[in-house]
Amino acid sequence: MPSRADRLQPVVDLAAEKAEEATRALAVQQRAVADAEQQLAELRRYRNEYAEMPSGIGVAELLNRQQFLQKIDMAIVQQLGEVQRRERALERARGDWAEARGRAKALDSVTAKYREQERKTQDRREQEQADERSQYRRTPRREA
């Protein structure tokens, strides 16, 4: 008959697998946040460079420049929203990871405890058997 630890092992393995999946998902979300922040930085840099470029004297050129800067500003605002959305997803992934990791550690701990109990029980059983054998050898035989 399989021991409690052996019966629990598939659950432990599943929890470890879920913890690994959560770790990979966390890494994906971290990369997504970094990419979104990098894109935001690029938009800001581009806006600053464009705003600093010398402009012509004409009214039409000035209006075009202002309209283009407004479009860049709108893109920056949208990208800020994307960064915030990605950060929220990252926080959810962190929570999922912490939960999965905690569950896996707890199951490992329980399994280790069961295995230790089983080992002690087996040691006790072996010691009792050894004691019995030595007791049997020591008992002198009576002759009839």
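The values are calculated or read from the model by the stated rules, or taken from the named source; none is laboratory data. What you see is a predicted model; the values in this text were computed from it and never measured. Here the Cβ is made from the backbone with ideal geometry for all residues, glycine too, and neighbour counts use every protein chain on show. Surface areas here come from the heavy atoms of the whole protein model, side chains and all, with no ligands, DNA or RNA. Shrake-Rupley method; radii C 1.70, N 1.55, O 1.52, S 1.80 Å.
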Ratio of alpha-carbon Rg to the 2.2 N^0.38 Å globular estimate for the stretch 72-124, to two decimals, please. 2.29
Checking ASP73, ASP131, ASP35 against a Gaussian network model of the chain (alpha-carbon springs below 10 Å), the top fluctuating residue turns out to be ASP131
Accessible surface of the stretch 1-137, 1.4 Å probe, proportion on carbon and sulfur as whole %: 52 percent
Over the chain, with the other protein chains present, what is the accessible area per residue in square angstrom, probe 1.4 angstrom? 80 Å²
Considering the chain as a Gaussian network with a 10 Å cut-off on Cα pairs, which listed residue, ARG124, ARG85, ARG31, attains the greatest mean-square fluctuation? ARG124
For the chain, the dipole about the Cα centre with charges only on Cβ (Lys and Arg +1, Asp and Glu -1), to the nearest 20 debye, works out at 880 debye
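With the alpha-carbon atoms as the only input, what is the per residue convex hull volume for the stretch 1-81 in Å³? It would help to have the intermediate numbers written out before the result.
Details: hull volume 5.2 nm³, N = 81.
Expressed per residue, the convex hull around the Cα atoms of the stretch 1-81 is 65 Å³.
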For ARG101, the net charge from surrounding residues (Cβ-Cβ under 13 Å; K, R +1; D, E -1) works out to -1
Taking the alpha-carbon distance from LYS18 and a cut-off under 18 Å, which lysines remain once sequence neighbours fewer than 8 residues away in the same chain are dropped? LYS105
For the stretch 1-76, what is the charge dipole size about the Cα centre, in debye to the nearest 20, if Lys and Arg each add +1 at the Cβ and Asp and Glu each add -1 at the Cβ? 140 debye
Could you tell me which residue out of GLN117, GLN38, ASN48 lies farthest along the dipole of the chain toward its positive end? Charges go on the beta carbon: Lys and Arg +1, Asp and Glu -1, centred on the Cα centre. GLN117
Could you sort TYR136, TYR114 by their accessible area in this structure, using a 1.4 Å probe and putting the largest first? TYR136, TYR114
Over the chain, with a Gaussian network built from C-alpha contacts below 10 Å, which listed residue (GLU91, GLU128, GLU99) shows the highest mean-square fluctuation? GLU128
May I ask you to work out the translational diffusion coefficient for the chain at 20 °C, viscosity 1.002 mPa s, via Stokes-Einstein with Rh from the Kirkwood sum over Cα pairs, reported in whole µm²/s? 99 µm²/s
